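Working notes, beginning with the structure itself.
Where a number appears in this text, it was derived from the coordinates with a stated rule and is not lab data. Please read all numbers here as calculations on a predicted model, not as lab measurements. Here the Cβ positions follow ideal geometry from the backbone for every residue, glycine too, while neighbour counts run over all protein chains shown.
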């Protein structure tokens, strides 16, 4: 099942991270995004809330997040959702299958034109 297909992604680049892609909520298949409990705070983007991903016969807990009211400078993220590539079968940028960023904390998508090192793996949180 395709959860989302879009040409309207916003790519966010942060120091020591591969890109994170924020995808328009309107481009997700109906019923895929289920509001989940919990939130987190990014000192740059603001308060994040989470979604579970509903697929036929499977609920992926906390598989996506959004900034409903992003901080100044990140207004382009409003109405968009980011996915943890590690929690779904496959994410693509164009025709290329991405490699999920290690550690499942940041949610970055690694493609062949992106080189590290990246935060996320054990021992990298203190960079």
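Total residues in segment 41-62 satisfying the condition of being touching a residue at least 12 places away in the same chain (Cβ under 8 Å) and either in contact with a helix residue (DSSP H, G or I) (Cβ under 6 Å, 6 or more places away or on another chain) or surrounded by fewer than 15 Cβ atoms within 10 Å (Cβ to Cβ) (or both): the figure is 7. Quick check: is even one residue across segment 77-86 assigned to a strand (DSSP E or B), over 27 Å from residue 112 (Cβ atoms) and out of contact with any helix residue (DSSP H, G or I) (no Cβ under 6 Å at 6 or more places or on another chain)? The answer is no, given that none of the residues of segment 77-86 is assigned to a strand (DSSP E or B), over 27 Å from residue 112 (Cβ atoms) and out of contact with any helix residue (DSSP H, G or I) (no Cβ under 6 Å at 6 or more places or on another chain).
I want to confirm something. Restricting to segment 1-40 and keeping residues that are touching a helix residue (DSSP H, G or I) at 6+ places or on another chain (Cβ under 6 Å) and assigned to a strand (DSSP E or B), which single residue is surrounded by the most Cβ atoms within 10 Å (Cβ to Cβ)?
First, pick out the residues of segment 1-40 that are touching a helix residue (DSSP H, G or I) at 6+ places or on another chain (Cβ under 6 Å): 4, 6, 10, 22.
Next cut, assigned to a strand (DSSP E or B) only: 4, 10, 22.
Numbers: 4: 20, 10: 17, 22: 26.
Among those that are touching a helix residue (DSSP H, G or I) at 6+ places or on another chain (Cβ under 6 Å) and assigned to a strand (DSSP E or B), it is 22.
Residues in segment 104-127 that are farther than 22 Å from residue 58 by Cα, in contact with a helix residue (DSSP H, G or I) (Cβ under 9 Å, 6 or more places away or on another chain) and part of a loop (DSSP other than H, G, I, E, B): 108 only.
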